[in-house]
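Nothing in this text is a laboratory measurement; each read-out follows from the coordinates by a stated rule. Note that the structure is predicted; figures quoted are calculated from it, not measured. Here Cβ is always computed from backbone atoms with ideal geometry, including for glycine, and neighbour counts include all displayed protein chains.
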Amino acid sequence: KKRGNIYLSGAGPSAWHEEYPVAKGKRQSPVDINTNKTKFDPKLAADPLTIRFSDSCCQSIVNTGISFQVTSNGAGCELSGGPLDSTYQFAQFHAHWGAYLKTTGSEHTVDGVSYPAELHLVHWNTKYDDFKDAVDKPDGLAVIAVFFKRGKEHPGFGKIQDLFSKIPAKGAKVNIDFEFNPGLLMPPDSENYWTYLGSLTTPPLYESVTWIVMKEPLEVSVEQIAILRTLLWETPNGVSQMYNNFRPPVPLRDRVIRASFG
Ligand SMILES: NS(=O)(=O)c1ccc2oc(NC(=O)c3ccccc3)nc2c1
Ligand SMILES: [Zn+2]
């Protein structure tokens, strides 16, 4: 059966629970971050989040059929501190975005407000042997989420977007033969973040992610937001531009989102 596109086949995200019952689970993502209900946790500031990236950590970029994905062997790219009790190694970054002239696009929202896109930097807990071993464990993954907002151009991200024309279809992959430090994609102030226990935002929706959502968005140009939609994916009506590859927020249930700032 041509599965096609998980966002456009059948009823999309609202139907994922039919094949993945965990979609209605207790620690699903994304969620709306209601800033009146977040809780400042001084312990997060006491043991600051340590985000380490390197110039040599990005090997290739692939069209996964639902986003672009810059893949890393993780060399010199590690995450620890803050809410994390272990060292996590960088595996890949990708993004989610909306449609032309729409304000939606991000997965997480803040007080009900969406951003046009959201970047995810995926890390796995090095207490496990590799990503695949970590991916379904409750403390297996840590994902840094960075909101994109429209503003000045971001030349660093532009270097990655220049490769999009080389990965026109699902499965297409090219090597990155220049140095690219994912640290360029962190907002100027990355001390202020929210954190909560959640899940992958696409099937299999494993409840294995400690989310670290940066409060400050990263500015990119309106053109750069539009270039995201030049990536292509399969739809029930054939190959077309990739957009609206985001899961809308799901219920927070019995969770409190902690803030690293007062
Ligand atoms: N939107 S999300 O929640 O950040 C999210 C959702 C689903 C994901 O599946 C993977 N797999 C790998 O990264 C991987 C890395 C190495 C080898 C195999 C897979 N990362 C994900 C992130
Ligand atoms: Zn993602």
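Tabulated values for the structure
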{"read-out": "Members of the stretch 111-129 that are more than 16 Å from ligand 2 (Cβ to nearest atom) and in contact with a helix residue (DSSP H, G or I) (Cβ under 6 Å, 6 or more places away or on another chain)", "value": "125, 128"}
{"read-out": "Members of the stretch 146-159 found to be touching a residue at least 24 places away in the same chain (Cβ under 8 Å) and farther than 15 Å from residue 118 by Cα, listed by number", "value": "152, 153, 156, 158"}
{"read-out": "Filter pass, residue 93 being touching a residue at least 40 places away in the same chain (Cβ under 8 Å), within 16 Å of residue 144 (Cβ to Cβ) and within 13 Å of ligand 1 (Cβ to nearest atom)", "value": "yes"}
{"read-out": "Positions within the stretch 27-47 being surrounded by 13 or more Cβ atoms within 10 Å (Cβ to Cβ) and either in a loop (DSSP other than H, G, I, E, B) or acidic (Asp, Glu) (or both), in sequence order", "value": "27, 28, 29, 30, 31, 32, 34, 38, 41, 47"}
{"read-out": "Residue in the stretch 231-254 that is closer than 27 Å to residue 139 by Cβ, surrounded by fewer than 19 Cβ atoms within 10 Å (Cβ to Cβ) and in contact with a Pro (Cβ under 9 Å, 6 or more places away or on another chain) present", "value": "yes"}
{"read-out": "Filter pass, residue 54 being farther than 20 Å from residue 211 by Cα, of a type outside the set (Phe, Trp, Tyr) and in contact (Cβ under 8 Å) with a residue 12 or more places away in the chain", "value": "yes"}
{"read-out": "Residues (surrounded by 16 or more Cβ atoms within 10 Å (Cβ to Cβ) and assigned to a strand (DSSP E or B)) located in the stretch 82-116", "value": "88, 89, 90, 91, 92, 93, 94, 95, 96, 97, 109, 110"}
